[in-house]
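Report on one structure; see the data block that follows.
The values are calculated or read from the model by the stated rules, or taken from the named source; none is laboratory data. All values derive from a computational prediction rather than experimental measurement. Cβ placement follows ideal geometry from the backbone for every residue including glycine, while neighbour counts extend to all protein chains displayed.
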Amino acid sequence: MNEEKKNETNAETVFADWMKSVTDFWKDMAKPEGGIAEMFGMSSSRKSRTVRQAQKNLETGSKIFQSLFSSVSNPEHMETLFKGADTLPDFLSSLTRQTWDGIFDLQRKWMERLATIGQETKAYSFEDIDQETFRTLREIYEKEFRKFLHIPSLGLNRFQQERVNNLIDRYTLFQTALSELLYMFYVPLEKTAAVMQEEIEQMAEKGELFADFKDYYNMWIKVLEGHYMTLLKSPEYTQVMDNAIEANLQYVKAREEVMYDLLQKLPVPTNRDMDDLYKDFYLLKKKVRELARKVERDEQQKSGETL
Amino acid sequence: MSQSQIAVDLILRKITEQTEKAKSRVQKASEVLLSALNTDIATTPFEYVYEEDRVRLKHYRPSKKEHKVPLLLIYALINRETMLDLQPDRSVVQTFLNHGMEVYKIDWGYPTKKDQYVSIDDHVNWYIDNIVDFIRERHNLPKINIMGICMGGAFSVMYSALHPEKVKNLVTTVTPTNFDTDKGLLHIWMRNSRAFQLGDTYRNMPGDLMNLGFLLLNPARLILDKYVGFFENMDDKDFVENFVRMEKWIFDSPDVPAATFHQFITDCYQKNLLIQSKLELNGKRVDLKNITMPVLNIYGQFDHLVPPEACNLLTKHVGSRDTEDICLKTGHIGIYVSSKCQALFAPKVAKWLKEREGDEPKAEPADTKTDAKTAQSKGVSARKSAAPAGITASSAAAAPPAGGLAAKTGETGRGKAVSAKSRRSGTKKKTAAERSTDAGKKKSTGKKASVRKS
């Protein structure tokens, strides 16, 4: 405890010394006689009004700076400042704790899932698909990680920062949704393997095993096709597919927003610029077509009347 | 548990045999794959005769013309129209040409982001309408035959309902018009997902993404079994050539304009407006009762994309009395490419059109939208009474101006305008059909091209 106190005092001393040298420097720079003007070889008599004004502004700024830093270098305030700095490890520790909690939770649920392996898998039924793993993964992300990406951004680049955070967020959600969709396509393979095992066992018992491997393949592909057909028609699959589509849409939109920020700084048109241009072009073209048709109809009518 | 009786010796012998076979196959396959393969598709000679934006019109001439009225093929925006001419011995276009039909085929091209706002209305009431007018004028005919394929069939139905005065006969093939069915996976997915937003977000619906969706309709067969089949036959040169041709066609997928995709999914798949005559294009209602021309509706019994239930209601909802439904025992693509259907499908269409060729009505009002019965009787009476006019039209059609040549000499626009003037000067008062033809001609702001396919 004493050691900590000692370190803290040392830091305060170093900071106070540094602050003093900084304020002294700016005090010298802002002196009415000499200072910046003399640095550039200008005598005080030849100072123009502009230079005097600039000097005055600098002096004011310097005083504000001095008072601000003097205030900060005040031992009491310094203590507060360093106390604030002491909270950083707490923050990091809290973040780490929450992250590990989430990971442990996920691990626990995976272990539970592992324990269910070997239980009977029902052929041609997809109501019992284990989507819990993905749901858990998504929930952990949403509860434990996502909030860090939603910490309010500050300052000049806050919007850009928000968009980058949003991109990371959407990318993660899309990856989760895609994993779930891909898992769906794996399930029929698992179920087909189970069915094949049963069938072959029965055939072996009857002594009716195929001699040609092509026959096994044909049987396997037929069963697999049946499983896929059942899966793809199921509301569970449609829901997962829709989630993946939606996640993809959101990710692409977030990516475009970030790209827009990047491209805006370059001398190239962005997608948004081009969309506007294409739309204008399309509407103009359509308008011209309509008008051309109208003129043609009028001309036809006129020529009809003449004839 | 009873003891299993496994003929291990038999299995081992089979394994040996198959290993030998596989070895020999791979050796032969390497020879085949390294040799010069003929995998070109769409080899039937044609010329581009019309062009507007990304859309072009292919013209195929028969060696001997036996049909007076040309046929316009309207393909879907999904995949390419080259499927109708996939290989010489399995070409719908070639079969039509062999039957003496003059064929035009719309090539929708490859939409870019520039086309993202192009709607169904633009496709139907602009591109198709201009092309129909161009052909009518070229052949001096008030009406032409139209055959639509899949989504192109739906466009043909919309067009025929909105412009019945320009369509002589309508043939729809694997055309979805009733979307309220759970028979096809596409119907289930499109109704229960936000897939329609994909086009909006990507600006156009990416062709590759759609292809992925089609593969997922039957992953076991389309992603696995198909290539196992290829492996088993890759020592057969003909098989490899045909397989590669099909692969070329399948994965040649243009994007679909976002606005068109969005409307097709929401208005057709989700709200099922087309069959109910409630669909609106640019404020105009697509009333199927306006389809008063003869309708031939062909679909596949085993079509997993557009099941029979999605196709077979059309003829019950149109205004025409002359309708026919044919359900072939095949799938979505099999109708056009299977050797069995080659002998059934295209010859049937040619025969059906020939039977309804008759004589051309000359004086049918261009802008009239008559009810079914009136239009029907008009058509019949015109066919019976206007033989000379029909012959005139036919003779005009026998030697259509070579668009390519005209374009080359730079006289396309002027030449058309001159011929229009000369027709006008020879008549005191133009018929409505002629007026309509003139309008079509003036309206055709598209360019004629002279790209000759070697």
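Here are a few things to note about the model shown:
- Number of residues in region A:265-292 that are of a type in the set (Lys, Arg), at the interface with chain B (Cβ under 8 Å from one of its Cβ atoms) and farther than 19 Å from B:Asn125 by Cβ equals 1.
- Residue within region B:220-241 that is over 30 Å from B:Lys289 (Cβ atoms), touching a Pro at 6+ places or on another chain (Cβ under 8 Å) and assigned to a loop (DSSP other than H, G, I, E, B) present: no
- Restricting region B:212-243 to residues that are buried (at least 17 other Cβ atoms within 10 Å of the Cβ) and within 23 Å of the chain's Cα centre (by Cα), the residue that is nearest to the other protein chains (Cβ to nearest Cβ) is B:Leu217.
- Residue within region B:39-49 that is buried (at least 18 other Cβ atoms within 10 Å of the Cβ), assigned to a strand (DSSP E or B) and in contact with a helix residue (DSSP H, G or I) (Cβ under 7 Å, 6 or more places away or on another chain) present: yes
- Considering region B:179-205, and only residues there that are out of contact with any strand residue (DSSP E or B) (no Cβ under 6 Å at 6 or more places or on another chain) and away from chain A (no Cβ under 11 Å), the residue that is nearest to B:Leu274 (Cα to Cα) turns out to be B:Phe179.
Here's the yes/no breakdown for (1) away from chain A (no Cβ under 14 Å); (2) within 13 Å of the chain's Cα centre (by Cα); (3) more than 18 Å from B:Val295 (Cα to Cα); (4) modelled with pLDDT of 95 or more:
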| residue | (1), (2), (3), (4) |
| --- | --- |
| B:Val103 | yes, yes, yes, yes |
| B:Gly109 | yes, no, yes, yes |
| B:Asp122 | no, no, yes, yes |
| B:Val132 | yes, no, no, yes |
| B:Asn145 | yes, yes, no, yes |
| B:Phe155 | yes, yes, no, yes |
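- Residue that is farther than 23 Å from B:Asp133 by Cβ and not β-branched (Val, Ile, Thr), where the choices are B:Leu10, B:Leu73, B:Leu77, B:Leu57: B:Leu10
- Qualifying residue in region A:269-289 (condition: loosely packed, with under 12 Cβ neighbours inside 10 Å, part of a helix (DSSP H, G or I) and of a type in the set (S, T, N, Q)): no
- Breaking point among (1) part of a loop (DSSP other than H, G, I, E, B); (2) more than 10 Å from chain B (Cβ to nearest Cβ); (3) not hydrophobic (A, V, I, L, M, F, W, C), for A:Lys191: (1)
- Of the residues in region A:221-236, at least one is more than 10 Å from every other protein chain (Cβ to nearest Cβ), in contact (Cβ under 8 Å) with a residue 60 or more places away in the chain, farther than 14 Å from B:Asn218 by Cα and assigned to a helix (DSSP H, G or I).
Yes/no matrix, rows are residues, columns are (1) out of contact with any Cys (no Cβ under 9 Å at 6 or more places or on another chain); (2) free of Cβ contacts under 8 Å to residues at least 60 places away in the same chain; (3) over 20 Å from B:Lys143 (Cα atoms); (4) surrounded by fewer than 20 Cβ atoms within 10 Å (Cβ to Cβ):
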position: B:Phe264; (1), (2), (3), (4): yes, no, yes, no
position: B:Gln270; (1), (2), (3), (4): yes, no, yes, yes
position: B:Lys278; (1), (2), (3), (4): yes, yes, yes, yes
position: B:Met293; (1), (2), (3), (4): yes, no, no, no
position: B:Gln301; (1), (2), (3), (4): no, yes, yes, yes
position: B:Val306; (1), (2), (3), (4): no, no, yes, no
position: B:Leu314; (1), (2), (3), (4): yes, no, yes, no
position: B:Asp325; (1), (2), (3), (4): no, yes, yes, yes
position: B:Leu328; (1), (2), (3), (4): no, yes, yes, no
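- Evaluated against (1) over 24 Å from the mean Cα position of the chain (by Cα); (2) modelled with pLDDT of 95 or more; (3) of a type in the set (Asp, Glu), B:Glu364 falls short on exactly one condition, (2).
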